[in-house]
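Heads up: the structure comes next, in structure tokens.
Please treat every number below as a calculation from the coordinates, not as lab data. Everything numeric here is computed off the predicted structure, so don't read it as measured data. Every residue, glycine among them, receives a Cβ derived from its backbone with ideal geometry; neighbour counts consider all protein chains shown.
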Amino acid sequence: MKSSLSIPHDALFKKFLSNVTLAKAFLEVYLPTSVKQYCDLNTLQIANGSFVDAHLRQYFSDIVYSLKIAGAPGYIYAVIEHESVVGQLTPFKLLRYQTAIMQQHLEQGNELLPVVVPMLFYRGRRSPYPGPLDLLSCFENQELAEKIFLKPIKLIDLSVIPDEEIQTHKSIAAFELLQKHIRTRDLLQLAQPVLKILNTDPPPGELLHSMLKYLVEEGKCTNYPQFIQLVTETAPNYREEIMTLAQHLELAGWKKGHQEGRQEGHQEGEQKGELKGERKKTLEIVNNMLATGMQLDKIKELTKLSDQDFAELTEVS
């Protein structure tokens, strides 16, 4: 229940500390020396806004000061806590309010985070203050939290990890190689080490399909027939699936170019030769699909080619 005294006490607290002269005197007394030496109290101003959650305002009141700290914009965040809510997570609540001040600072056009100095004002009956002040006390495993929380982030930078080291990572090695090289290496370079790893330690079926699909759809290839041959030699178990994916993309690209060329009336000279070469290449791919025993209807379904497309392709031979 909200204390009947909390409203007048809070009102006096905020009125008193909203006076800049009195606030300076208050901070001169209570700011730690290690912090105060960086604070230019002559720049102290009252900042707008309360950062306490609406449903917690019966437990907390706050006031924010802006000032120069070590020559840069900073804030002092003073909070009054009512005796009724002294609890284990109070430091975490204050951290949330501090980050809200930081976010507002960024939204005002600043590019870096400010220093926010928290201060907790307690006027309860129990003495001394019975709650925790250390944020680490809010964690279930304080020893582990001390090693992790607010420490530099663990970075996994694939760009600097040698491929030889990645290949020792067992079940995640193929995934890492794909992520590292998919935009920079031709499939003829990338596919072999990836497929060898997948042969040795394949992921579950649906994930395997997703990785093969990603390899073919996102990778760059200068010679699809050579790529299919590489797959046949390196990972025959995946030949049909990769071949279907690769040829589907290849034929879809041919069909788009073929239809655009037909609509434009087939330009003369070199463009005609290029189109003829592409059609011949596509015929080879269709023949390869037929050689695997794939039915014509299935090829049409995968490639979305019409009967007319097939008729024109066979003329190339």
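Listed peptides 167-180, 89-102, 22-35 appear in the order 89-102, 167-180, 22-35 once ranked by packing, highest mean of other Cβ atoms within 10 Å at the front. Near Thr43, the amide H atoms lying under 5 Å from its own belong to Lys68; only residues 5 or more places off or on other chains count, and H is placed 1.01 Å from N. Looking at segment 63-156, what % of the alpha carbon pairs are farther apart than 22 Å? Pairs farther apart than 22 Å: 42 percent.
Nothing charged except the Cβ atoms of Lys and Arg (+1) and of Asp and Glu (-1): what's the magnitude of the dipole of segment 6-148 about its Cα centre? Round to the nearest 20 debye. Intermediate values should be presented prior to the final figure.
On the way: 12 positive and 13 negative charges, 93 e Å.
About 440 debye.
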